[in-house]
1. Check Ala132 against each of (1) more than 19 Å from Gly20 (Cα to Cα); (2) touching a Cys at 6+ places or on another chain (Cβ under 9 Å); (3) open to solvent by less than 10 Å² (accessible area, probe 1.4 Å) and name the one condition it does not meet.
2. Let me spell it out: the conditions are (1) under 25 Å from Ala27 (Cα atoms); (2) free of Cβ contacts under 8 Å to residues at least 40 places away in the same chain; (3) among the β-branched types (Val, Ile, Thr), and Ile162 meets all of them except one. Which number is the exception?
3. Determine if region 208-222 includes at least one residue that is of a type in the set (D, E, K, R) and in contact with a Leu (Cβ under 8 Å, 6 or more places away or on another chain).
4. Can you tell me which residues in region 114-139 are under 21 Å from Pro82 (Cβ atoms) and outside any strand (DSSP E or B)?
5. Looking only at residues that are at pLDDT 95 or above and within 12 Å of Asn197 (Cβ to Cβ) in region 11-23, which one is surrounded by the most Cβ atoms within 10 Å (Cβ to Cβ)?
6. Determine whether region 56-65 contains at least one residue that is open to solvent by 10 Å² or more (accessible area, probe 1.4 Å), within 30 Å of Ile259 (Cα to Cα) and more than 16 Å from the ligand (Cβ to nearest atom).
7. If I filter region 145-165 down to residues being more than 16 Å from the ligand (Cβ to nearest atom) and assigned to a loop (DSSP other than H, G, I, E, B), which single residue comes out as least open to solvent (accessible area, probe 1.4 Å)?
8. Identify all residues within region 74-88 that are within 7 Å of the ligand (Cβ to nearest atom) and within 9 Å of Leu45 (Cα to Cα); write none if there are none.
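The values are calculated or read from the model by the stated rules, or taken from the named source; none is laboratory data. Please read these numbers as outputs of a predicted model, since none were measured by experiment. Heads up, the Cβs are rebuilt from the backbone with ideal geometry, glycines too, and the neighbour counts pull from every protein chain shown. Surface accessibility is based on the protein's heavy atoms, side chains included, excluding ligands, DNA and RNA. Shrake-Rupley method; radii C 1.70, N 1.55, O 1.52, S 1.80 Å.
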Amino acid sequence: MIKTRFTEMFGVQHPIVQGGMQWVGRAQLVSAVANAGALGFITALTQPTPEELTKEIKRCREMTDKPFGVNLTILPALKPPPYAEYRHAIIESGIKIVETAGYKPQEHVDHFKQHGIKVIHKCTAVRHALSAERMGVDAISIDGFECAGHPGEDDIPGLILIPCAADKVKIPMIASGGFGDARGLVAALALGAEGINMGTRFMCTVESPIHQKIKEQMVATDERGTDLIFRTLHNTARVAKNAVSQEVVAIERKGGAKIEDIAHLVSGQRGKVVYEAGDPNHGIWSAGMVQGLIHDIPTCKDLVERIVREAEQIIRARLDKSLVA
Ligand code: NAD
């Protein structure tokens with residue numbers, strides 16, 4: 001067992017989190033993560049309406065009696081979702097843990113805190129972590145440049161970002177971006193975090209609700225299998241490298257591209273079909289550099305147990321004995 005301030009605060013067995021993932025963070029995966037003793041998050045905006053989110057939370061409760069949370073991400077969207085309505089659905093469902101991410105979370109954090117909800121804010125810069133701490137969040141998920149999805153615009157990898165944040169942030173912090181195995185967990189603890197957040201690694205599990213062919217492609221892909229899109233729009237996203245991401249990169253390289261020029265390529269609805277139909281080239285889908293460390297498709301239970309068991313072995317064998325005189 002690896003106990004940290006994070007496991008104590010959130011009442012989970014292991015310092016491992018499955019963070020928000022559009023189209024992937026559904027009850028099937030989140031309940032499996034919870035039953036494995038880690039902390040999973042249902043992705044609110046994956047559900048087409050707040051009412052559907054309420055039903056998804058109920059479905060998850062039927063599959064686990066362990067703690068789980070809901071992710072609410074606020075990013076530019078082609079059709080901005082009704083964030084406040086989703087927030088109300090989360091609160092009214094009696095959820096006790098929320099992961100926020102993206103821009104200006106203050107109003108959401110305030111409302112969640114008024115209802116006694118613990119908030120983990122995921123962010124990609126030390127200044128944003130400090131601002132979230134001042135807002136009153138309970139923990140920070142600090143997300144390095146390696147991550148899938150939106151790494152921000154500073155391009156600071158976890159090896160620097162995590163200890164920089166740990167030097168200043170006082171509340172518990174988990175490390176995100178590039179984590180997929182026991183070595184990453186031990187490194188995160190050494191860098192000053194109290195646990196890890198994994199997205200891409202959890203996509204590649206038995207219970208992950210995406211097509212088997214996509215999981216197999218992730219196993220086959222190495223650490224170079226991502227592209228950065230939306231750089232010129234200051235909304236950088238790391239996505240799986242494919243024919244569509246390459247087309248977007250080529251359009252952006254020409255200069256002056258607007259969202260309207262690429263909307264037909266990047267829409268989330270197209271990405272959803274990738275996961276449903278198993279065609280990796282149908283649209284844009286998120287994946288991180290950690291694909292280079294993914295070599296199998298285990299159950300969530302086997303994955304979490306393996307990471308914790310091997311992390312304990314590394315801490316005992318390598319740090320305690322051979323490295324310290
Ligand atoms: P979408 O179809 O609305 O947009 C597709 C992509 O284009 C997204 O990455 C979006 O950020 C980007 N985009 C849209 N308008 C833009 C603009 N004006 N400038 C720059 N970039 C722009 O998005 P979607 O994939 O269907 O996602 C729907 C919602 O889910 C969004 O509100 C987003 O915030 C959220 N989301 C959540 C997660 C998560 O892990 N929780 C991940 C991705 C997206």
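1. Only one criterion in (1) more than 19 Å from Gly20 (Cα to Cα); (2) touching a Cys at 6+ places or on another chain (Cβ under 9 Å); (3) open to solvent by less than 10 Å² (accessible area, probe 1.4 Å) is unmet by Ala132, namely (1).
2. Against the list (1) under 25 Å from Ala27 (Cα atoms); (2) free of Cβ contacts under 8 Å to residues at least 40 places away in the same chain; (3) among the β-branched types (Val, Ile, Thr), Ile162 comes up short only on (1).
3. Of region 208-222, the ones of a type in the set (D, E, K, R) are 213, 215-216, 222.
In the following step, the residues that additionally are in contact with a Leu (Cβ under 8 Å, 6 or more places away or on another chain) were identified as none.
No: zero hits.
4. Gln114, His115, Ile117
5. First, the residues of region 11-23 that are at pLDDT 95 or above: 11-18, 20-23.
Narrowing the set further to residues that are within 12 Å of Asn197 (Cβ to Cβ) leaves 15-18, 20-21.
Details: Pro15: 30, Ile16: 30, Val17: 31, Gln18: 33, Gly20: 29, Met21: 25.
Within region 11-23, the match that is surrounded by the most Cβ atoms within 10 Å (Cβ to Cβ) is Gln18.
6. There is no residue in region 56-65 that is open to solvent by 10 Å² or more (accessible area, probe 1.4 Å), within 30 Å of Ile259 (Cα to Cα) and more than 16 Å from the ligand (Cβ to nearest atom).
7. So in region 145-165, the residues more than 16 Å from the ligand (Cβ to nearest atom) come out as 145, 154-165.
Now restrict to residues that are assigned to a loop (DSSP other than H, G, I, E, B): 145, 154-157.
Values: Phe145: 37, Asp154: 68, Asp155: 58, Ile156: 66, Pro157: 55 Å².
Top of the filtered list is Phe145.
8. So in region 74-88, the residues within 7 Å of the ligand (Cβ to nearest atom) come out as 74-81.
The one that is within 7 Å of the ligand (Cβ to nearest atom) and within 9 Å of Leu45 (Cα to Cα): Pro81.
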